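The values are calculated or read from the model by the stated rules, or taken from the named source; none is laboratory data. All values reported here derive from a predicted model rather than from experimental measurement. Cβ sites come from the backbone with ideal geometry, for glycine too, and all protein chains shown count toward neighbours. Areas reflect the complete protein model, heavy atoms only, side chains present, ligands, DNA and RNA absent. Shrake-Rupley method; radii C 1.70, N 1.55, O 1.52, S 1.80 Å.
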Amino acid sequence: MLLQTPFYKFHVSRGAKFTDFAGWEMPLSFGSVIAEHQQIRQHGGMFDVSHMGRFKIAGRHSRRLLERVLTRRVTDMEEKTCRYALVCNEQGGIMDDVLVYRFSGYWMLVVNASNRSKIYTHLQAVIEQNKMVVKLSDQTQSTAMVALQGPGIMEKIGQFSREVPTLKRYSFCEKNLLILKMTISRTGYTGEDGVEIIMGAAMADKALKLLVREPVEGQVDVMGSCGLAARDTLRLEAAMPLYGHELTEEIDPLTAGLSFAVNLDKDQEDRGEPFVGQDALKQIAAAGLKQKRVGLQFEGKRTPRQGGLVRQGDTEVGYVTSGCLSPTLGYPIAMAYVAVEQAETGTALSVDLSNGKRIEGQVVPLPFYKSGGK
Amino acid sequence: MAAKEDRRYLESHEWHKLDGDVVSIGISRFAVDELTDITYLELSQDSGEIAAGQAIGEIESVKTTSELYSGIDGEIVAVNTAAIESPEILNDDPWDQGWIIKIKPSDPAQLENLLSAADYDAKCNG
């Protein structure tokens, strides 16, 4: 039996096509994926991301726990800010990529739906091993979460709150709209401006009544429903990694190009803690990287897919982790891991398709798409 | 979303419609809706003989790549170059404007071996 989010009935009313995503019955699309993609780039739209795991972390050793399990420093975070980080295993392999929120007196960790139970178990193990006093609670099913994304979102939100449009990227506020208590962060996974909102599951219907209007034929709705398929092509254009594609336990954060989210020296600091995987990552950094995450751009209209072999001439030099025919750019793009020798921008490479054919392309800088310019 | 009754189907969602002595082949509305936006259409050949069960081309959507099949033997008489140029035609009108290939069947009776609209619908909803 698949789990359903508090917005399930709303999605049905909007004609959602559903898919099983990590045990959740989630909207894949509401019609055309490309139309949803373009709606986000040009105006705005709403994604249900309630399936993502939300853990509340409270108690005396909360900060220490997070320093232990996250690759990135959290001690210097100000209240009402968020930070992107990774959870690694002892070998430096990526167990998950997460967003950590610092509230007054407690923390919240937002994890991938597919890794929710794994990370919960991991946190519990670290708490027990280190005899920490931490209250860890999984609030995934008692809360709901939506992402409002697109260039028109801030103006729309400004009608409800003057504060939200003044938030800096990766900061958040707690709002009471009527009787709704919400956490609104200026974050997202599309490469556009926007917010992500966490609210009580019981409040989801009221939030919809507040935010959503009935669709009017021919009118742009900046709160229009969008599904996971568009979320995937949007994040790919923005070169944001996705767990199970660019990120796995066989890949370390340095190879993944996420060194900005790794503080290898954080145990040296005042109140510092060594983190799980730190020693392994130091060794990987010292030895030098063998592979890199790169962007590839192709000729023609064919779509490279996950697992497609990347070649230079006939020699295998890597593999594709995600690919699509970019709705914004009009040509095929992919992210791939390739040997560092072939990772230079401009290197001509090809990718195998499923039928033995190949498509020709080259290494290009990431991201493929940047909001507001290029 | 019921299948059109004026044609025969493969379980892999290709429809076959006989008009005079030519059979048009396309894919069903059900298939198009499952695939979501179609981004690419390629035929392995644009003339000559094809055989039942043979892959005649490939179709790509945002999410996946699939092969296209013919359910009957015959000789290609036309391909829909407009659909190859603009594969979204298949999303807009899979039953008519979105035809993919036309063939002159070697034996029109082969159509009887394919699924009726009702049987095809039952497979899709099953």
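Each row is one residue, and each column tells you yes or no for (1) free of Cβ contacts under 8 Å to residues at least 24 places away in the same chain; (2) over 22 Å from the mean Cα position of the chain (by Cα); (3) assigned to a loop (DSSP other than H, G, I, E, B).
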residue	(1), (2), (3)
A:Asp267	yes, yes, no
A:Asp270	yes, yes, yes
A:Arg293	no, no, no
A:Lys301	no, yes, yes
A:Ala336	no, no, no
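Hey, A:Asp232 hits all of (1) within 23 Å of A:Ile40 (Cβ to Cβ); (2) in the same structural domain as A:Thr328 (by TED's automatic domain parsing) but one; which does it fall short on?
Going through the list (1) within 23 Å of A:Ile40 (Cβ to Cβ); (2) in the same structural domain as A:Thr328 (by TED's automatic domain parsing), A:Asp232 breaks only (2).
Does A:Gly323 fit the bill of being at pLDDT 95 or above, part of a strand (DSSP E or B), surrounded by 15 or more Cβ atoms within 10 Å (Cβ to Cβ) and within 14 Å of chain B (Cβ to nearest Cβ)?
Details: at pLDDT 95 or above: yes; part of a strand (DSSP E or B): yes; surrounded by 15 or more Cβ atoms within 10 Å (Cβ to Cβ): yes; within 14 Å of chain B (Cβ to nearest Cβ): yes.
Yes; evaluated as a whole, the condition is true for this residue.
Quick check on my filter: what residues within the range A:42-68 are surrounded by 21 or more Cβ atoms within 10 Å (Cβ to Cβ), within 18 Å of the chain's Cα centre (by Cα) and not small (Gly, Ala, Ser)?
Selection gives A:Met46, A:Phe47, A:Asp48, A:Val49, A:His51, A:Met52, A:Arg54.
Out of A:Met95, A:Met108, A:Met132, which single residue is over 19 Å from A:Arg169 (Cβ atoms), outside the structural domain of A:Arg186 (by TED's automatic domain parsing) and within 21 Å of the chain's Cα centre (by Cα)? Reasoning before the result, please.
Numbers: A:Met108 fails: over 19 Å from A:Arg169 (Cβ atoms); A:Met132 fails: within 21 Å of the chain's Cα centre (by Cα).
Answer to the selection: A:Met95.
Can you work out which of the residues in the range A:334-374 that are within 14 Å of chain B (Cβ to nearest Cβ) and polar (S, T, N, Q) is surrounded by the most Cβ atoms within 10 Å (Cβ to Cβ)?
Among residues in the range A:334-374 that are within 14 Å of chain B (Cβ to nearest Cβ) and polar (S, T, N, Q), the one surrounded by the most Cβ atoms within 10 Å (Cβ to Cβ) is A:Ser354.
Here is a list of conditions, (1) part of a loop (DSSP other than H, G, I, E, B); (2) open to solvent by 30 Å² or more (accessible area, probe 1.4 Å); (3) closer than 26 Å to A:Cys88 by Cα, and A:Phe275 meets all of them except one; can you say which number that is?
(2)
Here's the yes/no breakdown for (1) open to solvent by 20 Å² or more (accessible area, probe 1.4 Å); (2) under 22 Å from the mean Cα position of the chain (by Cα); (3) of a type in the set (Ser, Thr, Tyr):
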residue: A:Glu78; (1), (2), (3): yes, yes, no
residue: A:Val87; (1), (2), (3): no, yes, no
residue: A:Asn115; (1), (2), (3): no, yes, no
residue: A:Thr140; (1), (2), (3): no, yes, yes
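Would you please name the residue that is surrounded by the most Cβ atoms within 10 Å (Cβ to Cβ), looking only at residues in the range A:161-203 that are over 17 Å from A:Leu109 (Cα atoms) and among the basic types (Lys, Arg)? Explain how you work it out, then say what you get.
At the first step, the residues of the range A:161-203 found to be over 17 Å from A:Leu109 (Cα atoms) are A:161-169, A:175-181, A:190-194, A:201-203.
Add one more test, that the residue is among the basic types (Lys, Arg), and what stays is A:162, A:168-169, A:175, A:181.
Details: A:Arg162: 9, A:Lys168: 9, A:Arg169: 11, A:Lys175: 17, A:Lys181: 13.
By that ranking, first place goes to A:Lys175.
Taking A:Ile251, is it in a helix (DSSP H, G or I), in contact with a Gly (Cβ under 8 Å, 6 or more places away or on another chain) and surrounded by fewer than 21 Cβ atoms within 10 Å (Cβ to Cβ)?
Values: in a helix (DSSP H, G or I): no; in contact with a Gly (Cβ under 8 Å, 6 or more places away or on another chain): yes; surrounded by fewer than 21 Cβ atoms within 10 Å (Cβ to Cβ): yes.
Against the criterion (in a helix (DSSP H, G or I), in contact with a Gly (Cβ under 8 Å, 6 or more places away or on another chain) and surrounded by fewer than 21 Cβ atoms within 10 Å (Cβ to Cβ)), A:Ile251 does not qualify.
Give me the residue from the range B:19-29 that is open to solvent by 40 Å² or more (accessible area, probe 1.4 Å) and touching a residue at least 12 places away in the same chain (Cβ under 8 Å) and, out of that set, farthest from the other protein chains (Cβ to nearest Cβ).
Of the range B:19-29, the ones open to solvent by 40 Å² or more (accessible area, probe 1.4 Å) are B:19-21, B:29.
Now drop any that are not touching a residue at least 12 places away in the same chain (Cβ under 8 Å), which leaves B:21, B:29.
Details: B:Asp21: 32, B:Arg29: 13 Å.
Filtering the range B:19-29 for residues that are open to solvent by 40 Å² or more (accessible area, probe 1.4 Å) and touching a residue at least 12 places away in the same chain (Cβ under 8 Å), the one farthest from the other protein chains (Cβ to nearest Cβ) comes out as B:Asp21.
Having 2 or more residues that are touching a strand residue (DSSP E or B) at 6+ places or on another chain (Cβ under 6 Å) and at negative phi is the bar; report the helices (runs of 4 or more DSSP H) wholly within the range A:1-116 that clear it. If you could, list the steps in order and put the result at the bottom.
Working: elements: A:8-13, A:33-42, A:62-69.
Hits in the range A:1-116: A:33-42, A:62-69.
Just one of (1) within 14 Å of another protein chain (Cβ to nearest Cβ); (2) part of a strand (DSSP E or B) trips up B:Trp15, so point out which.
Condition (1) is where B:Trp15 drops out.
Which of the following residues is touching a strand residue (DSSP E or B) at 6+ places or on another chain (Cβ under 7 Å), buried (at least 17 other Cβ atoms within 10 Å of the Cβ) and either outside any strand (DSSP E or B) or among the β-branched types (Val, Ile, Thr) (or both): B:Ile89, B:Ile76? If you could, list the steps in order and put the result at the bottom.
Values: B:Ile89 fails: touching a strand residue (DSSP E or B) at 6+ places or on another chain (Cβ under 7 Å).
Just one listed residue meets the conditions, B:Ile76.
For the range B:52-70, how many residues are open to solvent by less than 40 Å² (accessible area, probe 1.4 Å), in a loop (DSSP other than H, G, I, E, B), more than 8 Å from every other protein chain (Cβ to nearest Cβ) and of a type in the set (A, V, I, L, M)?
Residues meeting the conditions: 0.
Looking for whichever is among the aliphatic types (A, V, I, L, M), under 30 Å from A:Phe368 (Cα atoms) and in contact with a helix residue (DSSP H, G or I) (Cβ under 7 Å, 6 or more places away or on another chain) here; the options are A:Val164, A:Val110. Which one fits?
On the way: A:Val110 fails: in contact with a helix residue (DSSP H, G or I) (Cβ under 7 Å, 6 or more places away or on another chain).
On inspection, the qualifying residue turns out to be A:Val164.
Confirm whether B:Asp46 is within 24 Å of A:Ile359 (Cβ to Cβ), away from every other protein chain (no Cβ under 13 Å) and free of Cβ contacts under 8 Å to residues at least 60 places away in the same chain. First the steps, then the outcome.
Values: within 24 Å of A:Ile359 (Cβ to Cβ): yes; away from every other protein chain (no Cβ under 13 Å): yes; free of Cβ contacts under 8 Å to residues at least 60 places away in the same chain: yes.
Spelling it out, B:Asp46 is indeed within 24 Å of A:Ile359 (Cβ to Cβ), away from every other protein chain (no Cβ under 13 Å) and free of Cβ contacts under 8 Å to residues at least 60 places away in the same chain.
How many residues does the range A:10-21 contain that are hydrophobic (A, V, I, L, M, F, W, C) and open to solvent by less than 50 Å² (accessible area, probe 1.4 Å)?
Of the range A:10-21, the ones hydrophobic (A, V, I, L, M, F, W, C) are A:10, A:12, A:16, A:18, A:21.
Next, only the ones that are open to solvent by less than 50 Å² (accessible area, probe 1.4 Å) stay: A:10, A:16.
Final tally of qualifying residues: 2.
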